[in-house]
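Presented below is the structure to which this report refers.
The values are calculated or read from the model by the stated rules, or taken from the named source; none is laboratory data. Bear in mind that the values here come from a model prediction, so they are computed numbers and not experimental data. Positions of Cβ are generated from backbone atoms using ideal geometry, with glycine treated the same way; all protein chains shown enter the neighbour counts.
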């Protein structure tokens, strides 16, 4: 007390402990806010001095809240409550500082307490939702994985933005329980997509600092993967840079546990936290995610371009995968592909979607990938047709020459414009069964390709979503249009004598 007050009589100060790590100081000889602030600064200075406990030197900091009497016209309990509210404001300001109570704090704290109360009941009331944002390979356009994102549909509040409730979950410790729910629910959804025959996606799950420090986290992950029959390599855990800056036994042990399980580890928002390239060397990491703040200015901003190129080069040198977040324009996508970035994520590809909407989106992409374009008749007569055309992943289509063309069916009648579609030679198109997992589970079926005049030019499918021709093919998707105004369409022949 003497160090705190210095020129003030120590008898006018009362120091007591409320409980836990909270203490109160009652200063009777303080007449103004300036004097109270001076006392608070001296307390912070005194506490910042290192002290020795056993063989260890420790340094502590404090957050101080100040309530003035009679300005805070309340009884003693109310005065302590006001000081407590001001203390939490000082914590929000960055800790190791002080703040005064004001009337607006009551409204803020009341809203915060209401939010906490609603969050504690949200899980049991099934108010949390999971949305999934896809990622795609920049070279092929193939969808490679999804990142799971937590959403809260609160009755009376509607859809609450994540930045309003994630920090509250972290402060209250609820993030541990809800994080475990997210992991189990997302893995169950991934297994359900596998049963539907969708391509095998990788699942990215964000881990908070509190979750990362849980001693039983590795066991939870292992049990969840085993329960749903998922390979560990299909799960990727996203961590922040600030979390990895704590190079201690807990961090090293947890990352070693992830490595033993075989799950991937990604650094989220790379370059925005307390960056230290040393941890890239010390820890076994798999993926770097370029933060959207470095992508938004591409390709026009020289600074953003230099940073993106540097991160991609660093990732390639360290044999790490590089993903760009927040890709929203074709220019950004083209630049990232040119510098060698591996994957993209952002609204140009798709925003976060509920599981059902993402299923529809994935099925639509597969249907468009199966809409295979063929060359015109004169080009096909001169050039060998590919023996195999494949689209990556389960649920893909494979085209092979028909062993014996069936009888040529009758061509459809002329359309409104007077021109009848021209029938080309049939090929066999292998379609997978709904639950097919392997390419050898598909059976070829005859397909007839029609050229239908539409009266207007139509661009062929983008190279990123069109199949890649292999083994002797000499034509590419962009040359598939027979002439301007023609459109290629496929009709599957279901049996002898059936019209295509």
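Just name the residue that is surrounded by the fewest Cβ atoms within 10 Å (Cβ to Cβ) out of those in the range 193-228 that are in contact with a strand residue (DSSP E or B) (Cβ under 6 Å, 6 or more places away or on another chain) and over 17 Å from residue 261 (Cβ atoms). Working first, answer last.
Residues of the range 193-228 that are in contact with a strand residue (DSSP E or B) (Cβ under 6 Å, 6 or more places away or on another chain), as a first pass: 201-207.
Applying the additional criterion that residues be over 17 Å from residue 261 (Cβ atoms) yields 201, 206.
Working: 201: 20, 206: 18.
It comes out as 206.
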So, in the range 90-108, how many residues would count as being closer than 20 Å to residue 165 by Cα and either over 31 Å from the mean Cα position of the chain (by Cα) or modelled with pLDDT of 90 or more (or both)?
4
Number of positions in the range 56-91 that are in contact with a helix residue (DSSP H, G or I) (Cβ under 9 Å, 6 or more places away or on another chain) and assigned to a loop (DSSP other than H, G, I, E, B)
11
Answer yes or no: is there a residue in the range 247-263 that is more than 28 Å from residue 181 (Cβ to Cβ) and either at pLDDT 95 or above or touching a helix residue (DSSP H, G or I) at 6+ places or on another chain (Cβ under 9 Å) (or both).
yes
State all residues of the range 335-354 that are over 21 Å from residue 269 (Cβ atoms) and either at pLDDT below 95 or surrounded by fewer than 18 Cβ atoms within 10 Å (Cβ to Cβ) (or both); if no residue qualifies, say none.
337, 338, 354
Suppose the filter is modelled with pLDDT of 95 or more and under 20 Å from residue 363 (Cβ atoms); does residue 188 pass it?
yes
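Output the residue which, of all residues in the range 290-317 that are in a helix (DSSP H, G or I) and under 20 Å from the mean Cα position of the chain (by Cα), is nearest to residue 335 (Cα to Cα).
Start the filter on the range 290-317 by keeping residues that are in a helix (DSSP H, G or I), which leaves 292-294, 302-317.
Subset that is under 20 Å from the mean Cα position of the chain (by Cα): 292-294, 308, 311-312, 315.
Numbers: 292: 14, 293: 15, 294: 13, 308: 10, 311: 14, 312: 12, 315: 17 Å.
In this case the residue turns out to be 308.
Could you pull out the residue among 22, 57, 45 that is under 41 Å from the mean Cα position of the chain (by Cα) and more than 27 Å from residue 170 (Cα to Cα)?
Working: 22 fails: more than 27 Å from residue 170 (Cα to Cα); 45 fails: under 41 Å from the mean Cα position of the chain (by Cα).
On inspection, the qualifying residue turns out to be 57.
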Taking the range 226-240 as the search range and keeping residues that are out of contact with any helix residue (DSSP H, G or I) (no Cβ under 6 Å at 6 or more places or on another chain) and assigned to a helix (DSSP H, G or I), which one is nearest to residue 166 (Cα to Cα)?
234
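Residue 53 - would you say it is loosely packed, with under 13 Cβ neighbours inside 10 Å and in contact with a helix residue (DSSP H, G or I) (Cβ under 9 Å, 6 or more places away or on another chain)? Spell out how you get there, then give the answer.
Numbers: loosely packed, with under 13 Cβ neighbours inside 10 Å: yes; in contact with a helix residue (DSSP H, G or I) (Cβ under 9 Å, 6 or more places away or on another chain): no.
In short, no.
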